[in-house]
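The next block holds one structure in the form of structure tokens; read it before the comments.
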Amino acid sequence: MLRIDDWLAAGLVILAREGEPGLRIDRMARELGVTKGSFHHHFRGIRGFRRALLAHHEDEQQRLLATARELTASLTTESALQALPALVAEHLDLSRERALRAWAVGDADAAATVERIDTARLDLLTEIWGRTLPPDRAGTAALVPHLALVGAITTGRSDRELQRVFTLLTVTAGAVVSEAGKHGGPAPQA
């Protein structure tokens, strides 16, 4: 018998491939090679499944952010920012992220999930920049890689293109960090 995690994994694959409209019980059952009865054993209809799928995706993203936080905790701002692109490339499914954002346009639950994930991502980036910049500048600096990521997701950019953008941002970050160091502390306010 399939487990809840099997259904959620199948749902994430279908979401990435077909978007939210593909999240149908018959389609997932066919993908898993089982009857729809297995689905109903675990979920109260498609709405309950979709809520569980959103929660599963959010939990996965929170674990990824916890790992990123742990891996970058002892690094300088510049080194931490250099480490992030590899984590993004390895763990972030841009097709799934694109489908989730499209789903969020017309669904309050999906929109709230995207908002919480974006906030958590920005919090991590602000923490990293906060090692060098004052809080207001750190928040602004955090927006740059975050918006680059959202732009890559929504415009269908490839993992390779996103990697190149993050590499360029890392070079830029190095200049900001260097400028802050020249002034004996945080960079001057703009």
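No lab work stands behind these numbers, since they all come straight from the coordinates. None of the values given here were measured: they were computed from a predicted structure. Quick reminder, even Gly has a Cβ in these numbers, built from the backbone with ideal geometry, and neighbours come from all protein chains shown.
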In nm, to one decimal, how far is the Val150 label point from the Val171 one, both placed 7 Å along Cα→Cβ?
2.6 nm
Once you order the gyration tensor axes a ≥ b ≥ c over the Cα atoms, which shape class does region 56-182 get: rounded for a/c under 1.5, otherwise prolate or oblate by comparing a/b with b/c?
prolate
Using alpha carbon centroids, what distance separates region 13-77 and region 114-146, in Å?
26 Å
On C-alpha positions alone, give me the angle between the axis of helix 4-18 and the longest principal axis of the chain, in degrees, nearest 10.
70 degrees
From the mean inverse distance of alpha carbon pairs (Kirkwood) and the Cα radius of gyration, derive Rg over Rh for region 1-87.
1.16
Highest mean packing first, using Cβ neighbours within 10 angstrom, the peptides 145-153, 162-170 sort as 145-153, 162-170
Once both label points are put 7 Å beyond Cα along the C-beta direction, the His41-Ser79 separation in nm becomes 5.0 nm
Distance in nm between Arg131 and Ala9 label points, each 7 Å along Cα→Cβ, equals 3.5 nm
For the chain, what does the helix formula give at 222 nm: sum of -39500 (n - 2.57) over DSSP H segments with n ≥ 4, over the residue count, nearest 500 deg cm²/dmol?
-27000 deg cm²/dmol
